1. So I97 fits all but one of (1) farther than 30 Å from E332 by Cβ; (2) in contact (Cβ under 8 Å) with a residue 12 or more places away in the chain; (3) surrounded by fewer than 17 Cβ atoms within 10 Å (Cβ to Cβ); what number is the exception?
2. Give V219, V238 a once-over and let me know the one that is surrounded by 17 or more Cβ atoms within 10 Å (Cβ to Cβ), at negative phi and not in a helix (DSSP H, G or I).
3. Search the range 638-656 for residues that are without any contact (Cβ under 8 Å) to a residue 60 or more places away in the chain and open to solvent by 10 Å² or more (accessible area, probe 1.4 Å) and pair each with any residue that is among the charged types (D, E, K, R) and part of a helix (DSSP H, G or I) when their beta-carbon atoms are under 6 Å apart and the residues are at least 6 apart or on different chains.
4. Based on this model, can you work out whether S151 counts as modelled with pLDDT of 90 or more, buried (at least 24 other Cβ atoms within 10 Å of the Cβ) and of a type outside the set (F, W, Y)?
5. Could you check S189 against (1) assigned to a helix (DSSP H, G or I); (2) within 22 Å of E491 (Cβ to Cβ) and say which number it fails?
6. Can you tell me how many residues in the range 476-499 are within 19 Å of L315 (Cβ to Cβ) and open to solvent by 30 Å² or more (accessible area, probe 1.4 Å)?
7. Using the structure shown, decide if S512 is under 21 Å from L398 (Cα atoms), open to solvent by 60 Å² or more (accessible area, probe 1.4 Å) and assigned to a loop (DSSP other than H, G, I, E, B).
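The values are calculated or read from the model by the stated rules, or taken from the named source; none is laboratory data. Because the structure is a prediction, the values reported are computed rather than measured. So basically every Cβ, Gly included, is an ideal-geometry build from the backbone, and we count neighbours across all protein chains shown. Quick note on the areas: whole protein, heavy atoms, side chains included, nothing else; ligands and nucleic acids left out. Shrake-Rupley method; radii C 1.70, N 1.55, O 1.52, S 1.80 Å.
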Amino acid sequence: MKTLFFLLLLLPLSAVQIPPGCMLQGWNMDTFTQPGDVMVGGIFLVYSGYDFPLVNFHEPPKPFSCKGFHIRYYRDVLGLKFAVDEINNSPDLLPNITLGFSLLESCMSELRAIGGVMSLLSGLGNPVPQYDCHSTAAMVGIVGDMVSALSIPIARILGVLHYPQISHGASSSSLSDKVNFPSFMRTVSSNMFQNVALSRLVNLFGWTWVGMLIVDNDVGEQGGRVIRAEIEKSGSCVAFVEKIHLSYSRKQVLRLVGIVRQSSANVIILHSTEPHVMALLDALFDDGVTGKIFISSVSFTITPGLFSRKAWKVLNGTVGLMPKTRPMPGFESFLQNLHPASNSTFPFIKPFWETAFHCSWSGEGTLEGEKSTSGGSPCTEDGTLRMKIPELFEIYDLSYTHHAYLAIYAYAHALHALLKCQPANRICADVSGTQPWQVLHSLQKTPFRPPSGDTITFDTNGDVSASYDIVTIQILKEEFQMLTVGSFNPEANSGHVIDINTSNILWNERFSQVPPSNCSDSCPPGYRRVTREGQPSCCFDCVLCSAGDISNRTDAAECLRCPGDQWSNEERNRCIPKIIEFLSYQEPLGIILVLIATGSSILALCILMIFIRFKDTPVIKATNRELSYILLVSLIICFLCCLVFIGKPSTVTCLLRHTIFSVIFSVSISSVLAKTITVILAFKATQLNSPLRKWLGPTIPRIVVGLCSVLQIAICSVWLNRSPPFQTMNTETENNKIILECNEGQKVFHYMSLGFMGFLAMISFLVAFLARNLPGSFNEAKLITFSMLVFCCVWISFIPAYLSTSGKYTVAVQIFAILASSAGLLSCIFLPKCCIILLRPERNSRQSISVKYFRHQRLQMTTKI
């Protein structure tokens with residue numbers, strides 16, 4: 001809008017008829033000129049501000065009033081002057097041709113910059129469009145401005161006129177667009193690479209949460225948008241993006257102070273020219289906000305002379321990018337020889353001297369903007385003052401000054417090639433007839449090389465190869481120090497694009513090492529990030545990985561699943577082998593079961609020995625000695641079968657576990673069933689003419705035991721043939737364990753085997769229940785009934801217990817069921833008889849048995865009568 005307003009002011013002037021001599025009253029702009037055969041114009045920033053005059057359309061406009069002379073900016077002007085003098089003294093470059101220049105000050109104003117370039121083009125000292133009143137030497141090109149916001153409107157005007165422009169500081173990437181800015185070139189890198197460098201710096205220091213302060217103009221908004229995109233593309237987040245308004249209103253400044261103070265971001269990217277942030281930095285200090293770390297872009301020129309001590313306290317520890325520079329031999333001696341008396345024709349020499357040494361120059365001929373405001377004592381010829389000049393000019397950092405120096409050498413080599421008709425240009429010209437478009441063409445084709453440094457060539461976009469120095473600000477004992485700590489070169493090998501020595505960086509007093517700047521603390525290994533709803537991805541909570549999952553790095557987005565044979569440790573940061581579980585002989589449970597099984601089998605063996613020892617006694621004879629022996633032997637083997645279930649499963653043990661147990665237990669139950677049938681037959685066949693008498697004897701018991709055993713053996717044989725049990729590693733039942741177990745193969749055979757045993761037990765129970773009222777001393781019906789009841793209760797309760805346990809406890813439940821049911825048979829059937837044999841021998845007689853038998857017969861006869 002300001003540019004448009006300024007052009008509207010010029011429209012009436014463009015319609016005015018120019019009098020002879022090309023003189024125009026009003027809008028006079030002070031120009032510093034050094035004559036030459038060929039002239040180069042310059043738009044430089046020397047003052048950091050200006051007073052914008054009120055406009056009266058009925059009167060000629062008043063000139064701008066610049067204020068705030070800045071020594072560091074003035075050094076760029078002297079760099080141009082130094083380069084021109086070197087070229088004019090060189091026998092090889094532009095021999096017999098003198099290079100001159102005309103300079104104007106832009107005062108950080110777009111209006112001033114536009115008016116200045118139009119004034120240089122017209123040669124009038126007035127911004128008159130479409131007039132060229134240079135009477136002696138042609139103006140072949142422009143150097144400047146340093147600031148992108150000022151260079152863009154200049155480039156638009158010069159692009160229309162095909163006038164070459166070389167900026168020594170404008171880094172906006174939009175200026176590489178040759179459609180909009182066909183005649184623009186620069187000796188600094190495009191900030192397209194600066195954006196990459198800033199994001200690399202943020203990543204290098206591990207910062208994921210940064211703020212951004214950008215100047216409120218087109219350059220700041222465009223650059224801020226690109227910088228933000230690069231930072232977010234690298235995985236970091238931007239906490240806030242705030243514009244620094246050019247109005248410098250206190251309300252706006254305090255609002256920004258509040259945002260910076262309240263933000264959790266410790267790192268703030270500063271993308272602005274330095275005059276626009278002076279008020280903000282002072283306000284931050286006044287509010288006590290001195291613990292933030294600033295990362296400055298190339299747009300922010302780090303110079304101590306511009307800022308107050310308050311601002312430097314805030315900027316302490318700042319890391320920034322500066323255009324890469326090289327030494328300028330002889331420049332320091334050139335600066336030491338400065339003096340208003342001996343160098344009175346130097347641009348801005350008098351306001352420099354007054355500002356630098358706080359004195360008042362009384363010489364005549366001072367120009368507007370040069371008048372002393374120091375109010376100090378008169379300036380003297382004291383030679384000691386000259387010794388302070390290198391310090392005042394901050395000679396340790398020649399950024400931008402070196403690039404203004406390179407711009408003059410670029411023009412000199414282009415003119416040299418043009419005037420010497422070098423074949424590469426295919427265009428020739430003479431000194432008096434040189435046209436700006438010819439110089440522009442020569443600039444695009446001609447490499448140039450300053451006295452110290454490598455050969456430089458403009459690419460098709462008018463840019464030079466990108467490279468930056470990484471610098472840091474250190475305030476030690478109230479003294480400013482800027483130290484180069486690294487470099488950024490996008491054309492280097494991938495591992496050396498950015499080189500930085502972080503040990504040389506001294507952060508501010510709040511941080512003794514690299515300061516953290518994260519929205520959330522890093523998630524340690526074992527945790528994963530979960531983004532907070534409605535917040536950027538860098539703001540997250542840490543959630544412990546689920547069991548079986550791990551994360552072995554910091555800030556993992558997802559947890560990794562452990563392999564099937566491994567499990568996560570308690571910290572969830574590594575996978576460990578799963579515990580291999582089986583019922584072993586070494587653990588207490590296994591030892592107890594082994595002792596019980598062994599003890600029970602020994603007890604059964606002892607009972608067998610007792611029965612063999614007292615085999616001829618009436619009690620043993622009455623209970624069918626052969627079946628008793630078979631039952632006792634099968635029970636001994638049943639107890640010992642439990643030992644196969646204990647220990648590490650193998651192919652052999654898996655084959656034997658259920659098959660041997662099923663067969664042996666079937667023999668035991670069938671023996672009980674045969675005993676019961678024998679008792680019933682014995683009582684039912686007591687009459688002499690009873691048809692059941694022919695079934696008495698060992699035939700029936702043998703058939704019953706043999707048939708039941710054969711059926712169970714057949715089931716187990718088919719089982720082993722079709723789908724034998726096998727060893728398996730169960731990783732699914734328990735997450736952190738590998739259970740070594742025996743897989744029964746097809747479950748149907750397992751269930752058939754158990755079902756057959758259950759069927760025999762139920763038949764035995766029913767038959768024994770029907771014979772329960774027979775004399776107890778003569779038969780075992782009551783004892784068999786009770787033993788079968790115990791057996792059924794054990795195996796019915798086994799089913800839910802088996803289904804509700806896992807691992808080694810499942811095997812323990814099976815062993816317990818075998819032991820309990822076998823012990824029930826042993827104790828219920830044989831222990832009462834052993835008590836009679838050993839403790840009550842008087843009852844172990846034929847008379848005792850006969851008495852009870854006849855009592856039973858009489859009771860039956862009485863019941864019938």
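1. Unmet for I97, out of (1) farther than 30 Å from E332 by Cβ; (2) in contact (Cβ under 8 Å) with a residue 12 or more places away in the chain; (3) surrounded by fewer than 17 Cβ atoms within 10 Å (Cβ to Cβ): (1).
2. On the way: V219 fails: not in a helix (DSSP H, G or I).
Every option except V238 fails the conditions.
3. Going by the 6 Å Cβ cut-off, the qualifying pairs are V644/R657.
4. Details: modelled with pLDDT of 90 or more: yes; buried (at least 24 other Cβ atoms within 10 Å of the Cβ): yes; of a type outside the set (F, W, Y): yes.
Considered against the rule, which asks whether it is modelled with pLDDT of 90 or more, buried (at least 24 other Cβ atoms within 10 Å of the Cβ) and of a type outside the set (F, W, Y), S151 comes out as yes.
5. It is condition (1) that S189 fails.
6. First, the residues of the range 476-499 that are within 19 Å of L315 (Cβ to Cβ): 476-486.
Among the residues that remain, those that are also open to solvent by 30 Å² or more (accessible area, probe 1.4 Å) are: 476-481, 483-484.
The total comes to 8.
7. Working: under 21 Å from L398 (Cα atoms): no; open to solvent by 60 Å² or more (accessible area, probe 1.4 Å): yes; assigned to a loop (DSSP other than H, G, I, E, B): yes.
Taking the combined requirement at face value, the residue does not satisfy it.
Conditions tested, residue by residue: (1) under 29 Å from F393 (Cα atoms); (2) modelled with pLDDT of 85 or more.
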site: G79; (1), (2): yes, yes
site: L94; (1), (2): no, yes
site: G100; (1), (2): yes, yes
site: T136; (1), (2): no, no
